[in-house]
Structures are given as structure tokens and as C-alpha cells.
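Note sheet for the following structure.
The values are calculated or read from the model by the stated rules, or taken from the named source; none is laboratory data. These figures come from a predicted structure and were not determined experimentally. Reconstructed Cβ throughout: ideal geometry from the backbone, glycine too, with neighbour counts over all protein chains shown.
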Amino acid sequence: MGDEKVKNEAMEIMGLFQVLPRLIVFDLDYTIWPFYWLTIFVKVKESKYQKMGDEKVKNEAMEIMGLFQVLPRLIVFDLDYTIWPFYCECRSKREMPSLYPHARGILYALKDKGVDVAVASRSPTADIANTYLDKLGIKSMFVAKEIFSSWTHKTDHFQRINQRTGVPYNAMLFFDDEDRNIETVSKMGVTSILVRNGVNLAALREGLSKFSQNLAKIDRNKQKWLKFSQKPGSSERDKE
Ligand SMILES: [Mg+2]
């Protein structure tokens, strides 16, 4: 109906002029349609590659995990600039978010290997974060989701995750893009990895090898302590 009305008014407008152009030439993008055609084309192509990539990333992540004898019981991810390339507080719930290119493949591999995953985010907009996790189809993968703003650098997030899951800090691996969170959370005993361009296969490999090193360190210390406590003369009781 609108089209017809516009057409009639256009006819009227043209009726006001004695001479009309013989030819009217139109641009396309943002002249006859409200977008750049190329942007849409590239987006469609990218999402196709993304789909193909997920399976490949997953397989590589499985291979990387196969290199390690012991895996973390729980891997905790930050959200903004760790699994997706934006602050979700700056976006609208209506938008369709996208993950960093390796994030989905890594999550799928962890699920296959039986490694639990959780979220620790200081985002002030938990509703947007949850909507995005839902839209991305990964919300149900997380055994715990702690999303709230706080002045501590995620110590309270990890205390809650520990209470909820019962997983000790030294059996967890954590990925985040902020130095201060990494510093604070590693002091709790969690192996923590700083990511610079989002979580990817290189970060996964780095995380798993640092996790193994930390476990070996704990083991060595335990053995040292055992040897020490078994030495004659090392305690009052042994002297008697
Ligand atoms: Mg972040």
C-alpha cells in the first residue's frame, strides 16, 4: 500500500515539471538499499569458514590435550575479550554476537574430553552476557557461571565456583585478558593464562603445559615434605 502511495506522489511531483530527465541513474549501497552489499557478502563467507574451522580447531585441541597425562578438572573462561571480541555491556541484547575464531572448537573439544568448563566474568550486564551465551548455543555447556561486577579481581568469583563445583583451585585452569585478574587468581592456586587476542589453540597449549608444571611442583614439594617429616630427629617425638 505504501509503495502505491509513494508512486502516486512521485507521479504528482513529476507532473509539476515540463521537462524530465531522459535517464535517472541510481547508486546502490545506502542509496537504494540501506547497507553495503560487500559487508553482507563478507559476513556470509566468514560464517561459512567459521563453521568449517570449528571442527578442525576441535580436532587440533583434542590432539593437544592428548599430549598431557593430567588435565585440569575445570577450565574457567572470562567472557569479554577472552571468548568474544567485545564488552557485552556496550552492546544490545538484540544483536547476534560472535566468538573468537578458536573458542567454539576448544569448548567442544573440552566437552568431548570430559573437562568441565565455567565462566568468571566481572561484566555488569549479566543479562546481556547470558542472552549471548544462549544465542551462541553454548550456555548449557558451563557447569558454573559467575557473572557480576566486583571490586576484587575475581577472588569472589572463584570462591563461588569452588563452592559450587567442589573442584580445588589447583585442579583449575583459567583464561583471562586482564593482568590484574591473572595475578590475583594465580595467588589462589589456580593456573592462570593471560590471553591477548582471545582464547586460541596456542593459549590452550600454554595453559595445559603450565598446569602440568604447577602440578609437578606441588608433587615435588609434597615429597620433600614427606622425606623431611620421616627423617629421624626431625620432630620431637623421634628424639624420645
Ligand atoms: Mg575480559
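In segment 58-86, how many residues are buried (at least 20 other Cβ atoms within 10 Å of the Cβ) and either without any contact (Cβ under 8 Å) to a residue 40 or more places away in the chain or more than 24 Å from ALA171 (Cα to Cα) (or both)?
Going through segment 58-86 one residue at a time, the tally reaches 1.
Among the numbered conditions (1) at pLDDT 95 or above; (2) more than 16 Å from the chain's Cα centre (by Cα); (3) of a type outside the set (A, V, I, L, M, F, W, C), tell me where GLU178 comes up short.
Going through the list (1) at pLDDT 95 or above; (2) more than 16 Å from the chain's Cα centre (by Cα); (3) of a type outside the set (A, V, I, L, M, F, W, C), GLU178 breaks only (2).
Surrounded by fewer than 20 Cβ atoms within 10 Å (Cβ to Cβ) and either part of a strand (DSSP E or B) or within 16 Å of the ligand (Cβ to nearest atom) (or both): does that describe SER149?
So SER149 fits the description; yes.
So how many residues does segment 162-201 have that are of a type in the set (A, V, I, L, M, F, W, C), within 16 Å of the ligand (Cβ to nearest atom) and in a helix (DSSP H, G or I)?
Number satisfying all stated conditions: 2.
Do you know which residues across segment 89-132 are crowded, with 18+ Cβ neighbours inside 10 Å, within 16 Å of the ligand (Cβ to nearest atom), of a type in the set (A, V, I, L, M, F, W, C) and more than 23 Å from GLN159 (Cβ to Cβ)?
LEU99, ALA103, ILE128
List every residue pair whose Cβ atoms lie under 7 Å apart, where the two residues are 6 or more positions apart in sequence or sit on different chains, the first residue falls within segment 87-103 and is farther than 9 Å from TYR132 by Cα, and the second residue, located anywhere, is within 13 Å of the ligand (Cβ to nearest atom) and hydrophobic (A, V, I, L, M, F, W, C).
What qualifies is LEU99/ILE83; LEU99/TRP84; TYR100/ILE83; TYR100/TRP84; TYR100/VAL199; HIS102/VAL199; ALA103/ILE83; ALA103/VAL199.
Condition check ((1) in contact with a Phe, Trp or Tyr (Cβ under 9 Å, 6 or more places away or on another chain); (2) at pLDDT 85 or above; (3) closer than 20 Å to VAL57 by Cβ; (4) surrounded by 17 or more Cβ atoms within 10 Å (Cβ to Cβ)) across all residues:
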{"site": "GLU183", "(1), (2), (3), (4)": "no, yes, no, no"}
{"site": "PHE228", "(1), (2), (3), (4)": "no, no, no, no"}
{"site": "SER234", "(1), (2), (3), (4)": "yes, no, no, no"}
{"site": "LYS239", "(1), (2), (3), (4)": "no, no, no, no"}
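Considering only segment 62-84, state which residues are within 16 Å of the ligand (Cβ to nearest atom) and out of contact with any Ser or Thr (no Cβ under 8 Å at 6 or more places or on another chain). Spell out how you get there, then give the answer.
Step one: of segment 62-84, the residues within 16 Å of the ligand (Cβ to nearest atom) are 75-84.
Answer for segment 62-84, where residues must be within 16 Å of the ligand (Cβ to nearest atom) and out of contact with any Ser or Thr (no Cβ under 8 Å at 6 or more places or on another chain): ILE75, VAL76, PHE77, TYR81, THR82, ILE83.
Out of the residues in segment 185-207 that are charged (D, E, K, R) and closer than 27 Å to ASP219 by Cβ, state the one that is surrounded by the most Cβ atoms within 10 Å (Cβ to Cβ).
ARG205
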